[in-house]
1. Students often get this wrong, so check it: of LYS74/LYS150; LYS9/LYS74; LYS66/LYS150, which have C-alpha atoms separated by over 26 Å?
2. Let me know the shape class of region 43-99, please: from the alpha-carbon gyration tensor, a ≥ b ≥ c as square roots of the eigenvalues, rounded when a/c is under 1.5, otherwise prolate if a/b is greater than b/c, or oblate.
3. For a quick check: with amide H placed at 1.01 Å from N, whose amide H comes under 5 Å from ILE63's, ignoring anything fewer than 5 positions away on the same chain?
4. Can you pull the one-decimal nm distance between simple spin-label points at TRP137 and LYS66, each 7 Å off the Cα toward Cβ?
5. Would you kindly work out the equivalent ellipsoid of region 1-111 from its C-alpha gyration tensor and give its semi-axes, the square roots of five times the eigenvalues, largest first in whole Å?
6. Determine the gain in length on full extension of the stretch GLU75-MET1; use 0.36 nm per residue of separation and subtract their C-alpha separation, reporting nm with one decimal.
7. Tell me, how many Å apart are the Cα centres for region 1-44 and for region 86-131?
8. What longest range of the chain stays clear of loop-exposed trypsin sites (Lys or Arg not before Pro) (DSSP non-H/G/I/E/B, at most 11 other C-beta within 10 angstrom)?
Amino acid sequence: MKAKGILHKDVCALIGELGHGDRIIVCDAGFAIPREVRRIELAVEKDCPSVLRILELLKEELIIEKYVVAEEMKEVNPVMLRNYQALYADSTIQGEFVRHEVLAGEMARSAKAIIRTGSFQPYGSIVLYPAIDAPVWYQTEGVQVPEFYKNRV
């Protein structure tokens, strides 16, 4: 039996399936999840678990290259935005912004999975892009590090 970290079997399976180029969404309780997208339901009650708590756990088990949040978050939910930025401040993970309708529309439809939390946070959903462990992938003698990965190696 797994002793620590993420214990939810569907989330663990998802982490094992993810590859570079995939995207997942960790969403708030009110996010409209498209029927055709794999849904991992974690919501138990208001704010349990929170998006932020799931992100903290995922940060320990998943290599992430960037995240995307709704542009509207800057105005409507700046405290949560600062929490997300603080979570990734000590890393090379880059943040980007898109309009909410893009995040909830085309980005949601093309996600590998959406993890639904109990968060009651307006515009609190976040898209994560898994990455490779660049220092490991580019450690072989004679292999050249592409410019894109130099800041990670």
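Every number in this text was worked out from the coordinates using simple rules, so none of it is lab data. For clarity, every value in this text was computed on a predicted model and none was experimentally measured. Glycine gets a Cβ as well: all are built from the backbone with ideal geometry, and neighbour counts include every protein chain shown.
1. Pairs exceeding the cut-off: LYS74/LYS150; LYS9/LYS74.
2. On the way: a/c = 1.87, a/b = 1.02, b/c = 1.82.
Oblate is the answer for region 43-99, as a/c is 1.5 or above yet b/c matches or exceeds a/b.
3. So ILE63 has HN proximity to ALA131.
4. For the pair TRP137/LYS66, the computed spacing is 1.4 nm.
5. Working through the eigenvalues yields semi-axes of 21, 17, 15 Å.
6. So the extension gain works out to 22.3 nm.
7. 12 Å
8. 47-98
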